[in-house]
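Nothing in this text is a laboratory measurement; each read-out follows from the coordinates by a stated rule. Keep in mind it's a predicted model, so treat the numbers as computed, not measured. All Cβ positions, glycine included, derive from the backbone under ideal geometry; neighbour counts span all protein chains shown.
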Amino acid sequence: MIDFPEKSAYTFADLLKLVADLRAPDGCPWDREQTHTSIRRDFIEETYEAVEAIDRDDPALLCEELGDVLFQVAFHARIEEERGRFTMEDILTGIVRKMLSRHPHVFGETHVSGTGEVLRNWESIKNAAKGVQTKAETLRLVPETFPALMRADKLLKRSDQAGAEGTKTVAAQLPDAYQAFVEAHDPEDGEKALGELLLSLTAAAREKGLDPEMTLLASCKALTGRFAEAEENTRDHPEQLPEAFARALKENKGK
């Protein structure tokens, strides 16, 4: 048994000790077995749960979920410390130095006219730090692990910043992309056409100042509500659920 102190309030140092104890030889067998890869999905899930708490404007839930995210960070840091590659101190030092360098208008002598210039400076400093030599590299740096709509939106934004007018160009392809999808006759062609259609829709959303990821999430939430409504209305006649669901979708279209 590991003796861990009882406190009315714990600190970041306590969290690091807790994780170290869990990974210790006399700690938890499950925690000792975990690797970056084995808990990769956990990190993603905890992050999404924190985002949901933000969307719900639930401070108690957000406090809890941020704790779960922080635990994931501490756990991954501990794995690397055991390997002798880096420590939590290295992580903290790195992020503080990065933020200092990315805000020369706060911690240096740079003067900015507003938010737009702040963002342009941020991208310029980041690209210089990463050794970016071409505009194509700025697109390749967008992580492939992003949700697809979010990644498409980010790629289009960076193509705009590179002067290619990517959003405008891709959005103009929407009618042709839709027609190609409708006329696709086999799965391979349909898959390719659907990808182009979704990319064009993302660009069209950007042209209207909309976030495709958030708008689709809102529609998914509405879909769930309409299904629940249809199920409730057909509780005594479940065979009528398809018709009731279709009616609920039609009646609520555009709301």
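Structure summary
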quantity	calculated
Pairwise label distance in nanometres, Cys28 with Glu80, each label 7 Å out on the Cα-Cβ vector	2.2
Debye-sum result for the chain in log10 I(q)/I(0), which assumes one identical scatterer on each alpha carbon, at q = 0.12, 0.16 Å⁻¹	-1.09, -1.35
Principal-axis tilt of helix 212-233 within the chain, Cα atoms, nearest 10 degrees	70
Separation in nanometres of the label points that stand 7 Å from Cα toward Cβ, at Phe227 and Val112	4.3
Centre separation in Å (Cα based) which lies between region 1-25 and region 97-150	37
Square roots of five times the Cα gyration tensor eigenvalues for region 141-210, Å	22, 15, 9
Sites Thr11 and Asp160 - FRET efficiency at Förster radius 35 Å, r taken between beta-carbons, to 0.05	0.20
Once the Cα gyration tensor of region 45-187 is diagonalised, semi-axes √(5λ) in Å	33, 25, 18
MRE, 222 nm, helices only [DSSP H, n ≥ 4, -39500 (n - 2.57), over the chain, to nearest 500]	-22500 deg cm²/dmol
Label-point separation, Met214 to Glu123 (7 Å along Cα→Cβ), nm	1.9
